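The values are calculated or read from the model by the stated rules, or taken from the named source; none is laboratory data. Predicted model only: the values in this text are computed from it and were never measured. Here the Cβ positions follow ideal geometry from the backbone for every residue, glycine too, while neighbour counts run over all protein chains shown.
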């Protein structure tokens, strides 16, 4: 009987395990292996070259520029998303007519495909006929250039990403707010604390672990982003708005440099790993504070 | 008393101001995609923009339906999103049952391994997969894509289902065992009905994710037989490239509408379940 039970258990987990091993774990290990090779179907090469791909990485401006943009993108987008996400959650937590409708509207940017958002953003940031410049022009009379100027292109990608992904965070924060017992606020009211003070001393500290864990989560997602850059800027001007996933795509499927692309992919993985480990440490601290 | 009232009024006013601003920022760009898709070509380029529709035209939709195999793309998209979700849910349910109910050596390894494998970025697995797919003739095939679409769903789906199953009281099953029901009927008739709401919300979330997928088909679907709707965005711009500049944007907006309407309908119909699904994925 016990062996039958055991056999059943292994049979039941087998599909998932085999599926993941073949489409995720094995290809990942193979990427690591390939990163030590000069492997290109165009040049018909498959030669072991040791660390040469990794050495080439450090000198590749596409990679170094991607790293610098990743840093900018993550910092600005994650900060904006957390601040705006908390704000939107606060708005949607209040009682008003049509609240359900407003909550549905909040979900719309989340539901749109990232690639559609990116494609629409090209149009929105068009200098002469774009929505963004039309509004800026009505206010200030200026029509800034977005996608050909390094700083502006970086903001264009970051703002598009923020528009698309803040609603997700707002949903999470909203459910965090709903989990805070109302008695806490009533007690604060008796003590004479007003809205902003009770937000600062009650709401934020209670939400802190959630904020930290979501910050880690969305940081990793930003590092891995692909579609918005692919559609909106193609990494340009130059490679000012390139991200590492995009470099992997270009090197792997446009240049067909499999070995080198694999090395870039491993760098990307290393960054995700470091963010994950650092983040986990931070998370434990924020729990301990509670 | 008076100042207190005034402050409350000010607060309410401020609240509605922010709410309006928020709704505007979300809705205006979406509204503008619709306006672009339905505008007759020559009405697209006004400076400043006109925000009210002057006349409706379907010529952009006509152009993309005649210029591209849009229906085929939409069928592929629907097929991939639906079937990959069903397959992933089925496989995950089996695994989750074993992990939640049958303690066996290696159970923790499977759970933690799944979580760890979900951290592997797609771009760090894509190159060997591409080579494998070429070797085994899986490129441009729907079943090849299904395998990859479904794979990405497994870790979170298993984790969420395990936490659902742990909430199902074990007595429910014992009663079934007394009746002599064998494993699969028991799973189908006893367990599934109990966790059905949870499964339905996960189905919705995963369907939307599958419908919106772009990176996987970009790499693994190069012929029309397996292409999906999100890939038609850039193709739509090339239809009228020799004629007018405006047609490109109008065409793209039309494809954007076609790609977005289904997920918007789902969002409006199932707002509550989607929110539940999102939070389940994060909190469980």
Original post:
Restricting the stretch A:248-290 to residues that are in contact with a strand residue (DSSP E or B) (Cβ under 6 Å, 6 or more places away or on another chain) and in a helix (DSSP H, G or I), which is farthest from the other protein chains (Cβ to nearest Cβ)?
Top reply: A:259
Original post:
Right, residue B:35: farther than 30 Å from residue B:255 by Cα and either touching a helix residue (DSSP H, G or I) at 6+ places or on another chain (Cβ under 7 Å) or not in a loop (DSSP other than H, G, I, E, B) (or both) or not?
Top reply: no
Original post:
Given the structure, is residue B:116 under 30 Å from residue B:217 (Cα atoms), more than 8 Å from chain A (Cβ to nearest Cβ) and over 21 Å from the mean Cα position of the chain (by Cα)?
Top reply: yes
Original post:
Restricted to the stretch A:100-112, and to residues that are buried (at least 22 other Cβ atoms within 10 Å of the Cβ) and touching a residue at least 60 places away in the same chain (Cβ under 8 Å), which residue is nearest to the other protein chains (Cβ to nearest Cβ)?
Top reply: A:107
**OP:** Take the stretch B:114-136 and flag every residue that is surrounded by fewer than 24 Cβ atoms within 10 Å (Cβ to Cβ), touching a helix residue (DSSP H, G or I) at 6+ places or on another chain (Cβ under 8 Å) and farther than 27 Å from residue A:254 by Cβ.
**Re:** B:115, B:117, B:118
Original post:
Which of the residues spanning the stretch A:115-157 are more than 7 Å from chain B (Cβ to nearest Cβ), assigned to a helix (DSSP H, G or I) and touching a helix residue (DSSP H, G or I) at 6+ places or on another chain (Cβ under 9 Å)?
Top reply: A:117, A:118, A:121, A:122, A:132, A:133, A:135, A:153, A:154, A:155, A:156, A:157
**OP:** From B:39, B:88, grab the single residue that is within 13 Å of another protein chain (Cβ to nearest Cβ) and modelled with pLDDT of 95 or more.
**Re:** B:88
Original post:
What helices (runs of 4 or more DSSP H) lie completely within the stretch B:109-220 and have 1 or more residues being farther than 22 Å from residue B:276 by Cβ and in the same structural domain as residue B:264 (by TED's automatic domain parsing)?
Top reply: B:126-135, B:142-167, B:171-178, B:183-186, B:215-220
**OP:** Read through the list (1) closer than 30 Å to residue B:272 by Cβ; (2) surrounded by 18 or more Cβ atoms within 10 Å (Cβ to Cβ), then give the number of the only condition that residue A:97 fails.
**Re:** (2)
**OP:** Working carefully through the options B:141, B:157, find the one that is over 20 Å from residue B:218 (Cβ atoms) and touching a residue at least 40 places away in the same chain (Cβ under 8 Å).
**Re:** B:157
Original post:
Mind checking whether some residue in the stretch B:94-106 is surrounded by 13 or more Cβ atoms within 10 Å (Cβ to Cβ) and more than 10 Å from chain A (Cβ to nearest Cβ)?
Top reply: yes
